[in-house]
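Novice: Structure incoming, see below.
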Amino acid sequence: LCAAVPLKDMKLLDVKLGQLPTWLAMRDFTPGGIVGAVRRGYDRYYNKYINVKKGGLGGISMVLAGYVVVSYIWSYSHL
């Protein structure tokens, strides 16, 4: 059987709608808490998309698609 996770330690996607006000009341909304939450989010994004162990076709295709969009905007600046 799976042990129950305390509401304080749950992720937002795991919280049920009825538990949302209680979960929000347990969050740390001090400046230090907000900075820590932003830092954790950035670290999660960086480790998932930037700091990968091996490169693949996905990363190269994202760079190529970005180049195509930017060059299109530069070519048709009236848009």
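Novice: Just the residues that are open to solvent by 90 Å² or more (accessible area, probe 1.4 Å) and at pLDDT 85 or above, please, taken from segment 35-46.
Specialist: 38, 39, 40, 42, 44
Novice: Does residue 32 satisfy the condition of being at negative phi, open to solvent by less than 80 Å² (accessible area, probe 1.4 Å) and modelled with pLDDT under 85?
Specialist: For residue 32, the condition - at negative phi, open to solvent by less than 80 Å² (accessible area, probe 1.4 Å) and modelled with pLDDT under 85 - is not met.
Novice: For segment 61-71, state whether one or more residues are free of Cβ contacts under 8 Å to residues at least 40 places away in the same chain and within 17 Å of the chain's Cα centre (by Cα).
Specialist: No: zero hits.
Novice: Quick test for you: out of 77, 71, 61, pick the one residue that is of a type in the set (S, T, N, Q) and exposed (fewer than 10 other Cβ atoms within 10 Å of the Cβ).
Specialist: Just one listed residue meets the conditions, 77.
Novice: When segment 5-17 is examined, which residues are found to be assigned to a helix (DSSP H, G or I) and either open to solvent by 70 Å² or more (accessible area, probe 1.4 Å) or of a type in the set (Val, Ile, Thr) (or both)?
Specialist: 8, 9, 12, 13, 14, 17
Novice: Turning to a different aspect of this structure: Regarding residue 48, is this residue within 20 Å of the chain's Cα centre (by Cα) and assigned to a helix (DSSP H, G or I)?
Specialist: yes
The values are calculated or read from the model by the stated rules, or taken from the named source; none is laboratory data. Here the structure is a predicted model, which means the values were calculated and not measured. Neighbour counts run over all protein chains shown; Cβ positions are idealised from the backbone, glycine included. Side chains are part of the model used for accessible areas, which takes the heavy atoms of the whole protein and leaves out ligands, DNA and RNA. Shrake-Rupley method; radii C 1.70, N 1.55, O 1.52, S 1.80 Å.
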